[in-house]
Every structure is written in C-alpha cells, then in structure tokens.
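The values are calculated or read from the model by the stated rules, or taken from the named source; none is laboratory data. The structure presented is a predicted model; accordingly, all values stated were derived computationally and were not measured. All Cβ positions, even for glycine, are placed from backbone atoms using ideal geometry, and neighbour counts span all protein chains on display.
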Amino acid sequence: MSQFILLEAASSSMFGNIIVVTGAFLILLYLIKKFAWGMITAMLEARAAKINDDIDSAEAARKQAETFAEKREAELAGSRAEASKIISTATDAAHANKSKIVAEASEEARRIKQRANEEIEQSKKEAISGIKGNVADISVKIAEKLIGQSLDASSQTELIDSYLEKMGE
C-alpha cells in the first residue's frame, strides 16, 4: 500500500506539474501573442516581401540580360553581314580595277606597238628616200661616164625608177 500511496502521490504531483507547465505555457503563448507576435509576423512578412522583391529583381535582371544578349547577337550578326558586304564590295572593286588596269595596259601596249611600227615605217621610207637620192646621183654619174653625155631630168628619173624597181625585185 505504501507503494500505492507513493504512486498516487507521484501521480498527483506529476499531474500538478503538468497543470503548472500547461498554465505557464498558455500564459507564455498569451504574452507572446499580445506583445511579440505582431513584431514576429511583421518581421517574417518583411523578410518574405524582401525575398519576393529579390526574386522579382533577379528575374527582371535575368530578362534584361537576355534582352541585352539578344541585342548583342543581333548587332554582331549585323556587323558580320556588314563586314561580308564590305569584303564583297572590295573584292568586286578589285576585280573591276584589275580588269580596267589590264585593259589599259593592253591598250597602251597596242599604241606603243603601233607608234613603233609607224616610226619603223617612217625610218624605212626615209632610208629608202636617202638611198634613192644616193643611187640616183651615183647612177647619173655612171650613166654620164658610160654614155659620155649629160642626161636631162626626165631621163634621169626614168632611169632611176627602172633601176630601183629592178633592185626591189
């Protein structure tokens, strides 16, 4: 029985402790709700709002970065296209200049060749004319010695022309 009393005393003491702890806990909850709950919830709400703002800011920054990246890619593509166009234009201009320079050089070579041929022809005519004059003088002197008389101008011309024709053949 003494065990029973001890057990009963221990259980009532334990029951009393549970009531005191529960009462203290309820009073603590009431005090926390009355004095601290508003600040705790405000702090948590402020923290949640800050986190949401940070997430929104990060999302906006990501979208802005994507926009900048797309814009940069578009500008790079435009720059590449412009560079290709410039290179193509320069290549076409170089080919056109090459053709023009070759045509001008060919024309200049043709003119030089023509001028040289004309000069050769002129020199040839001058040489033949000089030779005709020398041959005429020599043949008149030879003819005078052979014939022993002086020839008139028309006779000399006929004799020289026939002589030169024979020499040309």
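Comparison of Gln114, Gln156, Gln149 shows that the only residue that is polar (S, T, N, Q) and modelled with pLDDT of 70 or more is Gln114.
Of all residues in region 117-136, those satisfying the criterion of being polar (S, T, N, Q) and at pLDDT below 75 are Ser129, Asn134. Within region 66-95, residues that are of a type outside the set (Gly, Ala, Ser) reach no partner that is at pLDDT below 90 with beta carbons closer than 6 Å at six or more positions or on different chains. Just one of the listed residues (Ala94, Ala42, Ala58) is under 60 Å from the mean Cα position of the chain (by Cα), at pLDDT below 90 and assigned to a helix (DSSP H, G or I), and it is Ala94.
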